[in-house]
Every structure is written in structure tokens, then in C-alpha cells.
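The values are calculated or read from the model by the stated rules, or taken from the named source; none is laboratory data. Computed from a prediction, not measured in an experiment: that's the story for all the values here. Note that we place each Cβ from the backbone using ideal geometry, even for glycine, and neighbour counts take in every protein chain shown.
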Amino acid sequence: MRRRAFIAALGGAAAGPLVARAQDTMRYLDLASPDMVSAEMTRADVEAALASHQTDFTGKRLSGLDLSGLDLSGVGLRAARLNRTRLIGAKLDRAILDQAWLLDADLSHASLRKANIVGRKSSGRSSMARTCQMPASLPI
């Protein structure tokens, strides 16, 4: 008898609505905090680092900078904060943008050939999805 009641309860649970909600990763995030809106380097600092062959900008705060036209090919920008950063016409071929923050970033006419962009965070207003020239398929 118990077994039948248990099976019936399982059947009723399966027939009922199952609501699964995705975790909202930005719910408790302060997007106005200095960590999200400030830069720890200037454009000149980035250019100097690139000139000295420094290519690892992992976790760097580069928000609000104008990095338009720079050749950032192969640069590691993993978990970098690039919010409201202008990357117009920048060359980001083979760049590693895993978990990079690109909220309101402007990537118009940027090149992202073979760039790794898994887990990037961008808003609907980011130019990445609308105007950035991306290859039809990115390597996984």
C-alpha cells in the first residue's frame, strides 16, 4: 500500500509544473562599484605593456578606456573588466576573453577571429552581438 501511494505521489509530482530558475549571477553585483567602472591602467600603460610583450591582462580593470585600434591579438583578458571600454576596430584575434566583463563595451568593427569568448558577460546594449564582425563559427 505504501509503495502504491509513493508511486502515485511521484506521478503527481512529475505531472505538476516544474519550475526551474537559473541563477541570476548579477543580482547582488554592484555595477557602479569602482571595481566595475574604473581602470587600473591607462591606454599608454596598455600600449607600453604590449610593446614589452606583456600579454597577460588577466583580471585587470580596464573599464572606460579607449583601446580602439589596438592590436590585442593573443592577449589574455581572462576575467578582465572591460565595461564601457571602446574597442572600435581593435584586433582581438586569438585573444582569451573567458569570463571577461564587456558591459556596454563598443566592439564595432573589431576582429575576433579564433578568440575565446566563453562565459563573457555583456549586456544587451553591448556592440559585440550587434555590430562586431565575428566569424560564423568559433572553435570550441
Here is a list: Ala129, Ala80, Ala90. Which entry is under 25 Å from Arg27 (Cα atoms) and at pLDDT 95 or above? Ala80
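Quick one: how many residues across the range 40-99 are charged (D, E, K, R), in contact with a Phe, Trp or Tyr (Cβ under 9 Å, 6 or more places away or on another chain) and assigned to a loop (DSSP other than H, G, I, E, B)? Don't jump to the end; show me each part of the working.
In the first step, residues of the range 40-99 are kept if they are charged (D, E, K, R); the result is 40, 43, 45, 47, 56, 60-61, 66, 71, 78, 81, 84, 86, 91, 93-94, 98.
Filter once more, so that each one left must be in contact with a Phe, Trp or Tyr (Cβ under 9 Å, 6 or more places away or on another chain): 78, 81.
When the remaining residues are screened for being assigned to a loop (DSSP other than H, G, I, E, B), the result is 78.
The number of residues fulfilling the criteria is 1.
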Only one residue in Ser33, Ser68, Ser38, Ser63 is touching a helix residue (DSSP H, G or I) at 6+ places or on another chain (Cβ under 7 Å), closer than 20 Å to Asp104 by Cβ and hydroxyl-bearing (Ser, Thr, Tyr). Which one? Ser63
